[in-house]
Amino acid sequence: MLPNALETLQRAAQSFSRGDLVAAENACRKLLSADPAAVDALHLLALVRKQQGDFDEAEKLMRDCLRREPRRADIWANLGNLYSNASRYEEAETAYRRSFALDTTFRPARLGLARMLLKSGQLLPAVTEAQVLLDANRGDADALTVIGTARRELGQYTEAESALRDAIAINPRNGVARHNLGSLLAHLSRSEEALEELEAAAACGIRGPDISFNIASALFALNRLEDADRLLTSTVTQLPRDARAHRLLCKLRFMRGNSDYTSELGSAVRRFPQDTELRLTLSQVLRGGGLLDEALEALQQAPEPAEPRLQAEVAAGYQEAGRFDDACDAAGLAVAAQPDNAAFTDVLMDALLSAGRFKESMQLIEKARRRQPLNQWYIALEATAARALGDPRYEWLYDYDRLVQVFELEPPPGWSSIEEFHAELLPVLRHRHRFENHPLDQSLRNGTQTPRSLLGDPDPLIKAFIRALDRPISEYRARIGHDASHPLLSRNSGRTHLTGCWSVQLKTGGYHVNHVHPEGWISSAYYVEVPGEVADTAARTGWIKFGEPRFAVPGTIAAKYEQPAAGRLILFPSYLWHGTVPLAGSSPRMTIAFDAVPRIAAGDRR
């Protein structure tokens, strides 16, 4: 034994704490050369090896420690941390529970378990374990962080924000809590607050692709486009395989009118040709920009083009190009390879509809409806297949006269007319339309969309508009009634809240492709400014149309049209196919749209 073994171990621990792993390892090995059975040195060396990324060696060393001292709660907890980092969740839980079985007061084990449960998606158990810690110490900021993060994932946003703010009040340097709060605020479109918290998290030392992406997203939402571009460019330069950052950078540049919007992503695909996620992202952003041939070429150049995810994307490209039989073949290959992959089946059922294979499609649709009964896109596909088959479910689901309702919005308090209100609202909306092109991932074509939901916009005019929606939404619900067997009407009880609100400005040739809102319940179109051409009842340019699916399906065309007018609000089920007849003239059309859902369906218990 070294004469000053304890002092050497303490110096090793200090080196480890400040990140000097080489010094920590050298000190541990010096101790172990004198005493190979020194468990504390073995344990610290295991932590060093874990930090260096050698999980196998770290596990071997920790197991060696536990063979020598099996009742060490701290070593069991660190073994749990090791397994959790490796996503070996069952083994991690076993190790954590062994730890606090030995010492019920050993906080690191229960905190590790709570974090592991959160990471693995076991949200309610994570809350339960964190609450044990909180009951023991109301000032446990780490436990509050776990609870807040889990509540956010459960959709319980008020509770999540409260817990995360409590954690920060206890420990203002809690970077994880600040980051998670910033992410929550961004999700709620409170972008100004989100950016403040995310930058504070970075100041607390939080690093990595998640915070970079979240800060860039907040900058994007706030129309700080140059700043967002710089940060995303830096991110993909340092992390060229970060597909999420590449996607946002491509979206930003396309919307700003940059024709070479995929340059960095294309370079990354050429550099890492085996990276399927990068290649899929490239194909999707090319397809979103209308470059179908280039999108398909990117897939065909893959080293393994038969990979199921690539085949599903090929099918989506064929569907977009109107090659419906080819889409069925490609989607069929993907589904044959992975029959339980719902995303692949989604592509197949859509392609089968367009190819006129209605009965085959309906069989898949009905299974999907049972699996996700509230998914609005599945309901739309069911209605489309029923229409093609002459099934009365079509009229039951798409009862246009009952379910499409038109309202004339009353001016908010403080304005004498809707025209007076619009005169002030329009400049506010125009200021938020700073892009040249539509988003890559939306239904809009030849127009622009606000970069964030208006629900979090602090402008008083926008807030006044949102408050003015309460009356027509309530009236719509009263008109349509309740029916426990109907996917729309069965949810018509209790209160609702808005889950998204955005503004769209159409330019010459602007329109929306036919679409639905998969996570909505009631959707809308509100007209702030309309061009004179909408008065032509024969051409119907700029009008909203209903009932025509996204991709051509034999025997299905638009079944209902509604004429726009400034101050007019149209409400309809989110599962109802809707699109726009393209504008012909040069005068713009400015709208606001939103989705509303029952509060209980969103998991929001406020």
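For first residues located in the stretch 216-241 and farther than 18 Å from SER453 by Cβ, partners that are of a type in the set (S, T, N, Q) and part of a helix (DSSP H, G or I) and lie 6+ apart or on another chain with Cβ distances below 9 Å form the pairs LEU231/SER212; LEU232/SER212; SER234/SER212; THR235/SER212; GLN238/SER212; LEU239/SER212; PRO240/SER267. Evaluated against (1) under 27 Å from LYS507 (Cα atoms); (2) touching a strand residue (DSSP E or B) at 6+ places or on another chain (Cβ under 9 Å); (3) surrounded by fewer than 16 Cβ atoms within 10 Å (Cβ to Cβ), ASP401 falls short on exactly one condition, (1).
When we screen ALA12, ALA58, ALA24, ALA41 for residues that are touching a residue at least 24 places away in the same chain (Cβ under 8 Å) and touching a Ser or Thr at 6+ places or on another chain (Cβ under 6 Å), the only hit is ALA24. Taken together, GLY547, GLY555, GLY579 contain a single residue that is within 30 Å of ALA386 (Cβ to Cβ) and surrounded by fewer than 17 Cβ atoms within 10 Å (Cβ to Cβ), which is GLY555. Filtering GLU264, GLU226 for residues that are under 26 Å from GLY456 (Cα atoms) and at pLDDT 95 or above leaves a single hit, GLU226. For the stretch 466-475, the count of residues that are at pLDDT 95 or above, in contact with a Gly (Cβ under 7 Å, 6 or more places away or on another chain) and not small (Gly, Ala, Ser) is zero. Scanning the stretch 497-513 for residues that are over 21 Å from ARG452 (Cβ atoms) and crowded, with 20+ Cβ neighbours inside 10 Å yields a single hit, TYR511. Listed by first and then second residue, the pairs with beta-carbon distance under 8 Å, at least 6 apart or on different chains, first residue in the stretch 125-154 and within 11 Å of ARG107 (Cα to Cα), second in a helix (DSSP H, G or I) and among the acidic types (Asp, Glu), are LEU133/ASP142. Looking at SER162, is it surrounded by fewer than 17 Cβ atoms within 10 Å (Cβ to Cβ), out of contact with any strand residue (DSSP E or B) (no Cβ under 8 Å at 6 or more places or on another chain) and modelled with pLDDT of 95 or more? Judged against the criteria, SER162 is a match. Once the stretch 389-407 is narrowed to residues that are touching a helix residue (DSSP H, G or I) at 6+ places or on another chain (Cβ under 9 Å) and in a strand (DSSP E or B), the residue that is farthest from ALA565 (Cα to Cα) is GLN405. Restricting the stretch 404-454 to residues that are β-branched (Val, Ile, Thr) and under 27 Å from VAL516 (Cα atoms), the residue that is surrounded by the fewest Cβ atoms within 10 Å (Cβ to Cβ) is VAL406.
Taking into account only those residues within the stretch 347-388 that are part of a helix (DSSP H, G or I), free of Cβ contacts under 8 Å to residues at least 40 places away in the same chain and charged (D, E, K, R), which is surrounded by the most Cβ atoms within 10 Å (Cβ to Cβ)? Across the stretch 347-388, the extreme among qualifying residues is GLU382.
Do you know which of the residues in the stretch 184-212 that are modelled with pLDDT of 95 or more and in contact with an Asp or Glu (Cβ under 8 Å, 6 or more places away or on another chain) is surrounded by the fewest Cβ atoms within 10 Å (Cβ to Cβ)? Top of the filtered list is LEU184. Among the residues of the stretch 54-83, those that are within 20 Å of ARG110 (Cβ to Cβ) and within 39 Å of the chain's Cα centre (by Cα) comprise MET62, ALA73, ASP74, ILE75, TRP76, ALA77, ASN78, LEU79, GLY80, ASN81, LEU82, TYR83. Considering the stretch 476-492, the residues that are of a type outside the set (Phe, Trp, Tyr) and touching a strand residue (DSSP E or B) at 6+ places or on another chain (Cβ under 7 Å) include one that is nearest to ASN375 (Cα to Cα), namely LEU488.
Within the stretch 58-76, which residues are in a helix (DSSP H, G or I) and touching a Leu at 6+ places or on another chain (Cβ under 9 Å)? If the condition is that a residue be in a helix (DSSP H, G or I) and touching a Leu at 6+ places or on another chain (Cβ under 9 Å), then ALA58, GLU59, LEU61, MET62, ARG63, ASP64, CYS65, LEU66, ARG68, ALA73, ILE75, TRP76 are the ones that fit.
The criterion of at least 3 residues that are outside the structural domain of CYS501 (by TED's automatic domain parsing) and touching a His at 6+ places or on another chain (Cβ under 8 Å) is met, among helices (runs of 4 or more DSSP H) falling completely within the stretch 141-207, by 191-203. Here the condition is being of a type in the set (D, E, K, R) and more than 31 Å from the chain's Cα centre (by Cα); of ASP459, ASP399, it holds for ASP399 alone. Within the stretch 462-483, the set of residues being surrounded by fewer than 19 Cβ atoms within 10 Å (Cβ to Cβ) and under 16 Å from HIS431 (Cβ atoms) comprises just one member, LYS463. Looking only at the stretch 408-455, residues that are touching a Cys at 6+ places or on another chain (Cβ under 9 Å) and either acidic (Asp, Glu) or in a helix (DSSP H, G or I) (or both) come to 2 in all.
The values are calculated or read from the model by the stated rules, or taken from the named source; none is laboratory data. Since this is a predicted model, take the numbers as computed values, not measurements. Positions of Cβ are generated from backbone atoms using ideal geometry, with glycine treated the same way; all protein chains shown enter the neighbour counts.
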